[in-house]
Each structure stands twice: as C-alpha cells, then as structure tokens.
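Bear in mind these aren't lab numbers, they're just calculated from the coordinates by the rules spelled out. Note that the structure is predicted; figures quoted are calculated from it, not measured. Neighbour counts are summed over all protein chains in view; Cβ atoms, including those assigned to glycine, are modelled from backbone coordinates with ideal geometry.
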Amino acid sequence: MMDFIIANAPALLIAVPMLGAFALPLIGRLGDTGRNGWILLITLVTAIIAVLLTWTVLSGGPVLYTFGAASPVDALPADSGGIPIRIVFTVDAFSAFMALFAAFVGFIVALYSIASERLSSGKDGYYALMLLLLVGILGMVTTGDLFNFFVFLEINSLAGAALVAYRIDKGVAVEAGLKYAFLTTLAGLMVLYAIGLLYGQYDSLNMALIASRMTYTMLDKVALALLVAGLALKAGAVPLHFWTPDAYSMAPAAITALLVVASQAGLYGLFRVLFSVYGLTLSYVTVGWAVIILGVLSMVVGVTMAIPQKDVKRLMAYHAVSQSGYMLLGVGVGLVVLGDAVAMEAFGRTAMEGGIFHIVNHAMYKGLLFLTAGAIFLYTGTRNLNKLGGLGHSMKWTMLFFIIGALAIAGIPPFNGFASKLMIYESVFAFSPVIAVIAMVVSVLTLASFVKVFHAIFMGPAQPRHAEAREVPLPMLVAMGALALLTILMGVFPEQIVSTLIEPAANALIDQGAYVATVLGGL
Amino acid sequence: MLTDTLLTGFGAWNPIAWVIAFAVALFIAWIIQRMGEPDVPGEGESGKPYLSGNDEPTPEATHIGGSNLYWGCTEAMNGYYARIVPLHTGCLTDYVLWVLGTFALLVIFIGVL
C-alpha cells in the first residue's frame with residue numbers, strides 16, 4: 001500500500017483533493033460533522049502525500065510521473081520519436097518544496113474554516129472550491145507540461161475568484177471577485193498565447209523538451225514577455241498588483257491565507273519558466289534586472305500603500321505585495337548572475353536561497369496574519385482600524401499570534417522572516433548596496449505599519465462596542481497556533497530548513513540540465 | 001549549536017542567543033508586572049484616575065484610532081501619496097491598461113535590450 005502511494009504520489013497529490021471536492025455535495029448530506037471530518041481527512045491525506053513525495057525527491061532525486069504510460073517513469077516510449085507525448089509531472093526539489101507547504105497550508109485553512117464558517121450557509125460549495133483551489137496550486141507546481149500548467153492556472157484562478165465573491169457582502173465581494181476573475185483570466189490568456197508561440201516552434205508542450213530545443217528567437221522573447229507579465233500579475237507584483245487589495249480583503253479570512261499560496265504558485269511558474277525552460281539561453285542579465293525592478297517596485301509601493309490603509313485586510317494585502325518583492329529581488333539577483341559562476345557562488349546562490357526561503361516564510365506568517373484578521377472580524381464584525389481597539393483584553397491568544405506574525409513579517413529576530421531577509425540583505429548588498437538599503441528601509445516601514453495595526457486593534461481600554469468580543473473557537477486557535485509555532489521554529493532553526501529544503505530547491509532551479517535530463521534521460 | 005548557525009556567505013546568524021535574550025526580557029517584564037498594583041485602589045471616586053479635575057473620558061474617546069497614527073508621516077509624504085493613491089482607481093479597465101502597458105514595456109526591455 002505504502003509503495004503504491006509513494007510510486008503514484010504525484011497523481012494522488014491532485015486526485016485526492018479533486019475527489020474530495022467532487023464528492024462534497026454527497027458528503028454534505030451527512031451534515032456538518034460528516035462534512036468537517038471529510039474536509040479534514042482529505043486535506044490531511046493530501047499533506048501526508050506531499051510529505052512522502054518531498055521525502056522521495058530529497059532522498060532519491062527528481063520524480064518523473066507519466067500519465068497513461070505503462071510505467072510512470074517512461075516518458076519516452078519507443079514509438080514516440082523522442083518526444084514526451086503524454087502529460088508528464090516533473091517533481092524536483094523546488095516543486096516538492098512548493099507542494100509541501102501548499103498542502104500544509106491547505107490543511108490549516110481547512111481546520112480554521114470548520115470553526116470560522118460554522119454558522120455560514122453554502123458550505124458544500126465553499127469547501128469544494130477550496131479543494132479545487134488547492135488542486136490548482138498543487139498542479140501548477142508539479143506539472144512538467146506547459147498546457148497542463150495553464151489548465152491548473154485556470155482552475156486556481158476560477159476557484160479563487162469564486163471564493164473571493166462567495167460571501168457576497170452587499171455586492172462588494174462580487175466586485176472584488178469579478179476583478180480577480182477578469183485579471184487572472186487575462187493573465188491565463190497571456191500564458192496560453194505564449195504556450196502557443198512555443199508550441200508552434202518546438203512541436204511540444206513539455207517544458208524539458210522545449211528547454212532542450214530553446215534557441216531564443218524573437219518569438220521566444222515575445223513569449224517570455226507574455227509569460228513574465230501574466231505570471232507577475234498572478235503573483236501580484238507591482239504594477240500588476242491592483243487586484244490584490246480587493247480580492248484579499250473581501251475573501252473569507254481562511255481563503256485569503258490560501259490565496260497567498262495561490263499567488264506564490266504564480267511566482268513558482270515565473271521562476272520555473274525563467275530558469276528551467278529558458279535558462280542560460282535567455283539574456284539573463286536583462287531579464288534578471290526586469291525581475292529585480294518588479295521586485296523593488298513591489299517592495300516600495302506595497303509598503304507605502306499599506307501605511308495609510310484603514311481596513312486591516314487591505315493593509316495586509318499591500319504588505320503581501322511588498323513581501324513578494326523580496327522573493328522577486330532575491331531570485332532576480334540569482335538570475336542576473338546565472339551565467340557567472342564566480343558571482344553565483346559569491347552571492348547569487350544565497351540571494352536565490354533567501355528569495356525561496358522567503359516564499360515559505362511568507363506563506364506561514366502572512367497566512368497567520370490573515371487568520372488573526374479573520375478572528376478579529378468574527379466577533380467585532382469590522383475590519384476598520386478606526387472602529388477597533390482594546391481587543392487585547394478579550395482576545396489574548398489572537399493578540400499573541402498577531403504579535404508573532406507581525407514581528408516575523410517585519411524581519412525581527414528570531415522569527416523566520418528575519419532569517420530569509422538576512423540572506424537577501426547580505427547577498428543583495430554584494431550585488432547592489434543601494435537595493436539592499438531599500439530592502440532594509442522597507443522592513444522598517446513594515447514594522448512601523450504593524451505597530452500601528454497592533455495599537456489600533458489590541459491596545460487601549462476595552463471598548464464597550466466590542467463587549468461581545470471573546471476568544472475564537474478552539475479549531476481557529478489551533479490553526480493559528482500551528483502557523484505561529486512554525487513561524488518561530490523556522491526562525492530558530494533556519495539552517496535546518498535551508499540545508500534540507502531550500503538549498504536543494506535553489507539547486508534544482510539553477511541546474512537546468514538536471515531538469516531536462518529527468519524527462520529526456522541525460523540529453 | 002554550530003548546526004543551528006545560518007551561514008549567509010558573508011556572516012552567520014545563530015538565533016539561540018536571541019531566544020535566550022527574549023526569555024530574559026520576558027522574565028524581567030513579568031517581574032515588573034508582578035511589582036505593580038493588582039487592581040485599582042478601591043471603588044468609587046478613589047478608584048478613578050486623577051485628570052486635573054476633569055471627568056474621565058469614555059474608552060472610545062481615549063483610544064487613538066488607526067488613521068491618527070502616522071498622520072505626520074503620511075502628511076509629510078503627501079506629494080508621493082498624491083500621485084500614487086490616485087493610480088489605484090478601482091476601475092477594471094484602468095487595471096487592464098496597466099497590464100497591457102507593462103507587457104509592452106517588457107517586450108521592449110526583453111526584445112530589444
């Protein structure tokens with residue numbers, strides 16, 4: 001049984017949550033207890049499969065899974081002419097790393113939702129869409145087929161848009177969902193058009209095969225611009241971030257935590273295309289600087305737009321944009337020096353590791369912060385910072401979790417945000433001191449912003465208008481506590497995380513040859 | 001302890017020292033809290049804070065709202081905010097123009113440079 005699960009882990013990683021989603025209308029007839037048990041079981045099993053898959057990849061190298069083949073590792077049957085004609089999942093250390101924390105956040109979000117949504121209607125649809133969103137994310141980060149990537153991107157975007165609009169909220173949430181749907185569909189169409197350009201030239205949709213044949217023609221450059229714009233939009237990078245404040249603020253809190261991971265799947269796609277599909281063939285200095293510029297703009301505009309916000313979730317949404325900038329900056333610096341082995345070893349690899357480490361750190365502390373925002377909204381019914389206050393008297397655990405998340409996002413030691421930011425600061429300083437200083441100033445502004453939020457929500461005398469406020473139900477506390485615990489542990493033991501997960505992930509991105517060889521067998 | 005040290009290529013970071021400092025700081029904070037009065041001294045007039053003879057304001061009036069914090073900062077950066085905030089129109093067609101504009105710039109940047 002265990003051997004079967006490990007051998008088919010890439011397929012099961014998608015199949016289990018998909019089965020869970022489509023069975024929900026039936027399971028929902030069992031009532032809340034049955035539905036809650038089902039959703040927890042499905043997300044837990046998905047997380048366990050992700051752990052097994054990650055363990056397999058880290059211990060035995062990249063995993064190749066060919067759908068419909070006699071053997072999953074046989075991507076090139078004898079009569080295929082050397083072209084992987086079937087859909088192939090190529091799971092290397094970077095893919096496994098992304099799938100691992102996405103599946104974990106999926107479980108945490110499910111745990112939180114069974115309490116936060118307990119009084120809401122339409123739970124079958126809510127959970128079905130949530131699982132489909134998870135399917136979209138996991139598919140994007142594991143597939144080795146470009147068209148398949150587009151399909152999962154669409155599943156991700158449509159499920160996300162439906163969830164943003166799910167609690168109509170006098171039409172405001174529907175407007176936010178419409179914007180998210182329209183813009184992410186536009187991003188999907190740009191990606192699809194780019195795939196068409198690549199398919200027209202290279203007669204394949206397989207990323208590894210396209211990488212092996214890439215000649216970087218003018219059409220490839222247009223395709224690359226389409227992919228960068230489309231996936232940067234999905235990731236919420238400035239100046240393509242406009243959907244984030246609306247979508248993140250209007251989605252249910254638990255869904256917002258998962259939407260952050262959905263956006264990071266867009267970042268994954270961007271990095272995968274740049275390093276594994278184009279690799280050294282592209283003008284990496286030019287494109288790397290384009291990524292750095294997107295990163296710096298995201299950091300600065302995100303944090304400065306966050307400071308004057310009055311809605312706590314809109315404020316956090318702008319901070320999510322700002323934090324994405326750090327990831328773009330770190331990986332962008334690595335891309336600029338991709339062809340310079342000396343610079344790569346001197347600072348490029350550390351910058352990439354910092355950027356990749358920040359992805360998972362961001363998923364933990366930003367997910368935690370959005371969950372605390374949901375906890376605050378649950379009994380106060382408002383996200384307006386001018387109407388909140390004094391909640392530290394009645395919501396002590398939520399306050400503690402908020403402090404942990406706020407200190408982590410501001411890069412205060414010993415929390416996880418500091419470890420990844422330190423790697424980015426020091427390596428980027430060797431590349432460009434000015435950009436490193438900008439990154440540090442952005443962190444200071446982030447701290448200032450969260451001091452404001454902390455004071456506005458939790459400090460001051462207890463407010464009579466929030467007399468009903470009390471601590472949230474246990475499942476919500478456990479979900480927040482799990483993310484808070486990881487935020488601390490990943491900060492206190494950063495080297496273990498970096499050496500176990502981050503270094504292999506960065507190496508998988510840098511070594512394009514290994515990615516190609518996984519599918520084509522040593523070309 | 002060496003295995004807990006994160007090597008950045010230029011320096012090293014060992015969080016254990018910080019954890020110990022955190023624990024000490026929390027312990028000191030706890031001692032200070034223990035030294036304080038456990039409750040207000042008595043009921044009625046003697047329990048009220050002395051505010052130069054003025055009535056104690058309501059909790060709503062004493063709490064500084066989110067918008068009031070950093071008012072000076074945002075006011076000082078008014079020139080920046082006067083330009084950046086209006087770009088966030090909330091209008092979908094404007095956002096589509098930003099996407100197309102960014103794509104056009106990327107084509108020039110990647111295709112020409």
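Gaussian network model of chain B, Cα springs within a sub-10 Å range: biggest mean-square fluctuation belongs to which of B:GLY90, B:GLY11, B:GLY79?
B:GLY11
To the nearest 20 debye, what is the magnitude of the charge dipole of chain A about its Cα centre, counting +1 on the Cβ of each Lys and Arg and -1 on the Cβ of each Asp and Glu?
Using only the charged Cβ atoms, the result is roughly 1620 debye.
Under 15 Å Cα-Cα from A:LYS452, which aspartates and glutamates qualify once same-chain neighbours fewer than 8 residues away are excluded?
A:ASP311
What is the set of long-range amide H partners of A:VAL238 at a cut-off below 5 Å, with H atoms built 1.01 Å from backbone N?
Here A:SER298 satisfy the definition.
Sticking to Cα atoms, compute the Rg of chain A to one decimal and its Dmax as the biggest Cα-Cα distance, whole number, in Å.
In Å, with Rg to one decimal and Dmax whole: 21.9, 76.
Give me the mean projected area, in nm² to one decimal, of the convex hull enclosing the Cα positions of chain B.
17.7 nm²
What is the ratio of the Cα radius of gyration of the range A:212-325 to 2.2 N^0.38 Å, where N is its residue count, to two decimals?
Rounded to two decimals, the normalised Rg is 1.16.
Which entries in the list A:LYS221/A:LYS366; A:LYS170/A:LYS366; A:LYS366/A:LYS387 go over 30 Å, if you measure between the two C-alpha atoms of each?
Violating the 30 Å Cα-Cα cut-off are A:LYS221/A:LYS366.
List the pair-distance distribution P(r) of the range A:283-492, using every Cα-Cα distance, as the percent of pairs falling in each 10 Å bin from 0 up to the bin containing the longest distance, rounded to whole percents.
Taking every Cα pair in the range A:283-492, the percentages come to 10, 35, 30, 16, 7, 2, 0.
Dividing the alpha-carbon Rg of the range A:445-523 by 2.2 N^0.38 Å yields what?
1.93
Just report the Cα centroid separation between the range A:507-521 and the range B:19-81, whole Å.
Each part reduced to its Cα centre gives a spacing of 57 Å.
What's the exposure ranking of A:TYR515, A:TYR379, going from fewest to most Cβ atoms within 10 Å?
A:TYR379, A:TYR515
Which ordering of A:THR518, A:THR46 is given by a fewest-first count of other beta-carbon atoms within 10 Å?
A:THR518, A:THR46
Tabulate in residue order the Karplus-calculated ³J(HN,Hα) for the range A:319-325, using 6.51 cos²θ - 1.76 cosθ + 1.60 with θ = phi - 60°, rounded to whole Hz; enter x for Gly and Pro.
5, 4, 4, 4, 5, 4, x
Please order B:LYS48, A:LYS421 by the number of other Cβ within 10 Å, starting at the fewest.
B:LYS48, A:LYS421
Could you give me the ³J(HN,Hα) list for the range A:475-484, computed from phi with Karplus coefficients 6.51, -1.76, 1.60 and θ = phi - 60°, whole Hz, x at Gly and Pro?
Couplings: x, 5, 5, 5, 4, 5, x, 5, 5, 5 Hz.
Averaging over every viewing direction, what projected area does the convex hull of the Cα atoms of the range B:40-97 cover, in nm²?
7.6 nm²
What is the ratio of the Cα radius of gyration of the range A:320-394 to 2.2 N^0.38 Å, with N the residue count, to two decimals?
This ratio for the range A:320-394 stands at 1.66.
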